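Trainee: Below is the structure I would like to discuss, written out as structure tokens.
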Amino acid sequence: MGTQNSFLHFMHRFVFWVLFAMVSCFVLRVLIVLDLNKRIYNHTPGPCRVLTEKFKGTSGLAYVESQKRVYVTLGYGKAHNLTTNTGIAFYNTNRTDGRSQQEIYDLIEMQINWNGYEYQNMFIPTGIDSYSSSNGRVLLYVVNAHPDHQCIHFFQVDNQKLNYRKSICDSSFTSLQDVAVVGPDRIFFTNMAAFGRGWAQVIEFALQTGQGVVYYYDGTKLSRQVTCVNVPIGKG
């Protein structure tokens, strides 16, 4: 009888400490997700630049040294049911209008030639990166965060126009975030979570299940380079 009581006592303590560890781990993960400590150490920001923009939501920036331009994606608010236009614009960093670098920059919206692309009305650009070739050609790679059509779009810059080239789309793309270019049509990009939005995504983040993926596209073939990542977002 005494042996049985000792065993039950041990099991009760064991179950208690296991549950305590699980709850503590869950609380710690929630605190990490909330990111309450938002300090950035050893960082001094440069001069601020103010952009004029009529769109709701600026998600990505890409600087092209050869053109002295910064390309900006606009209209991300549409992915969260806000009424706004979407598009890509740029501003020149070597301004010649006599105003200081801290004054307002005028965004120049780019015209997109979709070349008959079927889903051009389902375009909500977020992450963006560029590639400049030795002959002066500039290519842009843009993440499309539309809930029903998540893809990576390839464009070529033609002065103030963009010519659509092709897209990478896959059913596994649920929450594309950012893209990093490593060569002509060779890119890495991140898919943040298994669920695209809503409570399912919130629970996934809280539990830190690690369903994020880093993809690589080599110009012809798509592959998963890193899997089971906790909320991969930025690439650089």
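Trainee: Is segment 203-211 home to any residue that is part of a loop (DSSP other than H, G, I, E, B), within 22 Å of Ile32 (Cβ to Cβ) and among the small types (Gly, Ala, Ser)?
Mentor: To start, the set of residues in segment 203-211 that are part of a loop (DSSP other than H, G, I, E, B) comprises 208-211.
If we keep only those that are within 22 Å of Ile32 (Cβ to Cβ) too, we end up with 208-211.
Cutting the leftovers down to among the small types (Gly, Ala, Ser) gives us 210.
So far as segment 203-211 goes, yes, one or more of its residues are part of a loop (DSSP other than H, G, I, E, B), within 22 Å of Ile32 (Cβ to Cβ) and among the small types (Gly, Ala, Ser).
Trainee: Just wondering, is there one or more residues in segment 87-105 that are more than 30 Å from Gly210 (Cα to Cα), assigned to a loop (DSSP other than H, G, I, E, B) and modelled with pLDDT of 80 or more? Steps first, please.
Mentor: Looking only at segment 87-105, we keep the residues that are more than 30 Å from Gly210 (Cα to Cα), and these are 87-105.
Pick out the ones that are also assigned to a loop (DSSP other than H, G, I, E, B) and you get 93-103.
Restricting the remaining residues to those that are modelled with pLDDT of 80 or more gives 93.
Yes; the residues of segment 87-105 include at least one that is more than 30 Å from Gly210 (Cα to Cα), assigned to a loop (DSSP other than H, G, I, E, B) and modelled with pLDDT of 80 or more.
Trainee: Taking Val157, is it of a type in the set (A, V, I, L, M, F, W, C) and surrounded by fewer than 21 Cβ atoms within 10 Å (Cβ to Cβ)? Step through it out loud before you land on a result.
Mentor: Details: of a type in the set (A, V, I, L, M, F, W, C): yes; surrounded by fewer than 21 Cβ atoms within 10 Å (Cβ to Cβ): no.
Spelling it out, it is not the case that Val157 is of a type in the set (A, V, I, L, M, F, W, C) and surrounded by fewer than 21 Cβ atoms within 10 Å (Cβ to Cβ).
Trainee: OK, next. Please count how many residues of segment 56-86 are surrounded by 15 or more Cβ atoms within 10 Å (Cβ to Cβ), at negative phi, within 18 Å of the chain's Cα centre (by Cα) and not in a strand (DSSP E or B).
Mentor: 6
Trainee: Something else: Scan segment 110-154 for residues that are exposed (fewer than 15 other Cβ atoms within 10 Å of the Cβ) and either acidic (Asp, Glu) or closer than 15 Å to Thr190 by Cβ (or both) and jot them down.
Mentor: Residues satisfying the conditions are Glu118, Asp148.
The values are calculated or read from the model by the stated rules, or taken from the named source; none is laboratory data. Source: prediction; values computed, not measured. Glycine gets a Cβ as well: all are built from the backbone with ideal geometry, and neighbour counts include every protein chain shown.
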